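The values are calculated or read from the model by the stated rules, or taken from the named source; none is laboratory data. Every value quoted in this text rests on a predicted model; they were computed, and no experiment measured them. Here the Cβ is made from the backbone with ideal geometry for all residues, glycine too, and neighbour counts use every protein chain on show. When the accessible area is computed, the model is the full protein with side chains, heavy atoms only, and any ligands, DNA or RNA have been set aside. Shrake-Rupley method; radii C 1.70, N 1.55, O 1.52, S 1.80 Å.
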Amino acid sequence: MTAHVAIVFSRYMMLSVENRQAKDQRTLGELFFYLSDELADITWIQAIHLLMQVFIDTIHEKYNLCEQGLEQMMNTFINALPLDFVGRLKKYAII
């Protein structure tokens, strides 16, 4: 009886795996990798630059600060960052 139950469970598991691979759309793992390969990755510094630009635009729109106020706020923000991080930002700064 134990062997029979083990064989039945094994067969059920194999049939379930086959059924999922044949019919379930969630198993299209290769499709995910094909799509992700097509998308271009942005560099770390480009991502930081985009975030900082959104930060500046949002602050400018919300608080109507002049350029000097925005510059002062950005300097305060950058000075609050860890020194290692600030050094890397200055090294790769986009002007």
Review point. Going by the conditions given, is residue 94 at pLDDT below 70 and open to solvent by less than 100 Å² (accessible area, probe 1.4 Å)?
Key: yes
Review point. Somewhere in segment 28-46, is a residue modelled with pLDDT of 75 or more, under 17 Å from the mean Cα position of the chain (by Cα) and within 30 Å of residue 89 (Cα to Cα)?
Key: yes
Exercise for review: Provide a single number: the residues in segment 54-76 that are under 20 Å from residue 90 (Cβ atoms) and open to solvent by 100 Å² or more (accessible area, probe 1.4 Å).
Suggested key: 2
Check your understanding: Given 51, 15, which one is modelled with pLDDT of 70 or more, assigned to a helix (DSSP H, G or I), within 30 Å of residue 85 (Cβ to Cβ) and open to solvent by 80 Å² or more (accessible area, probe 1.4 Å)?
Key -> 51
